[in-house]
Amino acid sequence: MTQRNILVTGGAGNVGGSLCCKLVESPGNFIIIVDNLSTGSRDKLPPAEYKNWKFIKADVNDMHQISAIMLSHQIHVVFHYAAVVGVERTLANPVNVLNDISGIQNILEISKNTHVGRIFYSSSSEVYGEPVEIPQHEHTTPLNSRLPYAIVKNVGEAYCRSYFQEYGLNYTVMRFFNTYGSRQSDDFVVPRFIKAALRNEPLRLYGDGSQTRTFCHADDNVEAIIRMLDENLYINEVVNIGNDEEISILELAQKIIRITGSKSKIEHLPSLKEGDMTRRKPDITKMKNILNRPLVNIEEGIRRLADTMRS
């Protein structure tokens, strides 16, 4: 069987690391993982017993660094996940966020001149901005983004479409909604709340907690994406990757306290000045068609993550 060389940028992060750990299970894959470790960490990389991967610490926003890597390996598929992430982090570092435009430019420019057959670009639900319609659909919902992080993701999508139109470089844009799992750092809401609950510490949330989100388990995210790769699904299209089970942040905190048997109390912090959208709920018709099975519900996901964090 011909080996398939797959580049994953941002592969030491939550979603990227989860993807890499699944991709290495197929011996026909060889995974080149690139991450500058600014928010990622080595403990999210695949287990050492797998030999079909390598890690290179590098910055995809630096053309010299990423071109040296891509030109020394015959890359067939790229998953471009590298980005500054997290609402508070991206609000505090807007110029650093804007630098991520260089990363997508670099990846696409090298890919069009080499053997890359398809780019998977990790966009975000943030491109929808404040909700204009619910559920948020890939093609009919207007994009209402204005924060630097969301604008960069929108620009990245435009680059993907443009390189396909001009050079025939195939892509799939994945608009990720909140994705949680065992590799997510605890500056994100689900692991942060669970960690506090297991310690019987206060669960602190912004505002009254009425803002709603949907939470997608990393297992669902990764399976849908690998199926798109292996079965050649949704080429040159946009796909929402998330869960459509809507829940308020207050309800989330209450569920976590109940499921973990915690004695924690809920504390309310002042609302964020910006970046904390009132609602998020994707139309995941395409994702459901890919998986053809029920998604992991939030209660089951909380139990799984709590068990992992206890051990």
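The values are calculated or read from the model by the stated rules, or taken from the named source; none is laboratory data. Just so it is clear, the model here is predicted, and its values are computed rather than measured. Here the Cβ positions follow ideal geometry from the backbone for every residue, glycine too, while neighbour counts run over all protein chains shown.
Given (1) closer than 30 Å to Val8 by Cβ; (2) of a type in the set (A, V, I, L, M, F, W, C); (3) buried (at least 16 other Cβ atoms within 10 Å of the Cβ), where does Ile235 come up short, assuming only one miss?
Condition (3) is where Ile235 drops out.
For the list (1) under 25 Å from Gln136 (Cα atoms); (2) surrounded by 16 or more Cβ atoms within 10 Å (Cβ to Cβ); (3) out of contact with any strand residue (DSSP E or B) (no Cβ under 8 Å at 6 or more places or on another chain), I need the number of the one condition that Leu291 fails.
It fails just one condition, (2).
May I ask you to say which residue of Arg293, Arg280, Arg303, Arg258 is of a type outside the set (Gly, Ala, Ser) and at pLDDT below 95? I'd like the intermediate steps shown before the answer.
Numbers: Arg293 fails: at pLDDT below 95; Arg303 fails: at pLDDT below 95; Arg258 fails: at pLDDT below 95.
The conditions single out Arg280.
Looking at Ser182, Ser145, which one is of a type in the set (Ser, Thr, Tyr), within 15 Å of the chain's Cα centre (by Cα) and either outside the structural domain of Asp100 (by TED's automatic domain parsing) or assigned to a loop (DSSP other than H, G, I, E, B) (or both)? Before the answer, list the steps.
Details: Ser145 fails: within 15 Å of the chain's Cα centre (by Cα).
Of Ser182, Ser145, the one residue that is of a type in the set (Ser, Thr, Tyr), within 15 Å of the chain's Cα centre (by Cα) and either outside the structural domain of Asp100 (by TED's automatic domain parsing) or assigned to a loop (DSSP other than H, G, I, E, B) (or both) is Ser182.
How many of the residues making up segment 183-204 are more than 21 Å from Pro270 (Cα to Cα) and surrounded by fewer than 21 Cβ atoms within 10 Å (Cβ to Cβ)?
Residues flagged as more than 21 Å from Pro270 (Cα to Cα) and surrounded by fewer than 21 Cβ atoms within 10 Å (Cβ to Cβ) within segment 183-204 amount to 5.
Identify the residue in segment 63-96 that is without any contact (Cβ under 8 Å) to a residue 40 or more places away in the chain and surrounded by 15 or more Cβ atoms within 10 Å (Cβ to Cβ) and, among all such residues, is farthest from Asp186 (Cα to Cα).
Gln65
Out of segment 118-136, which residues are surrounded by fewer than 21 Cβ atoms within 10 Å (Cβ to Cβ) and out of contact with any helix residue (DSSP H, G or I) (no Cβ under 8 Å at 6 or more places or on another chain)?
Glu130, Pro131, Val132, Glu133, Ile134, Pro135
I'm trying to understand the selection: among the residues of segment 1-42, which are part of a loop (DSSP other than H, G, I, E, B) and touching a Leu at 6+ places or on another chain (Cβ under 8 Å)?
Applying the first criterion (part of a loop (DSSP other than H, G, I, E, B)) to segment 1-42 yields 1-3, 10-13, 24-28, 36-41.
Of everything in segment 1-42, those that are part of a loop (DSSP other than H, G, I, E, B) and touching a Leu at 6+ places or on another chain (Cβ under 8 Å) turn out to be Gly11, Ala12.
Those residues that are farther than 21 Å from Phe215 by Cα and of a type in the set (S, T, N, Q), I need them from segment 145-177; list them, please.
Initially, segment 145-177 is screened for residues farther than 21 Å from Phe215 by Cα, giving 146-148, 151-152, 154-172.
Matches in segment 145-177: Asn154, Ser162, Gln165, Asn170, Thr172.
Select, from Leu252, Leu229, Leu269, the only residue that is outside the structural domain of Ser124 (by TED's automatic domain parsing) and either within 21 Å of the chain's Cα centre (by Cα) or under 14 Å from Val190 (Cβ atoms) (or both). Quick ask: steps written out before the conclusion?
On the way: Leu229 fails: outside the structural domain of Ser124 (by TED's automatic domain parsing); Leu269 fails: either within 21 Å of the chain's Cα centre (by Cα) or under 14 Å from Val190 (Cβ atoms) (or both).
Within the list Leu252, Leu229, Leu269, the selection yields Leu252.
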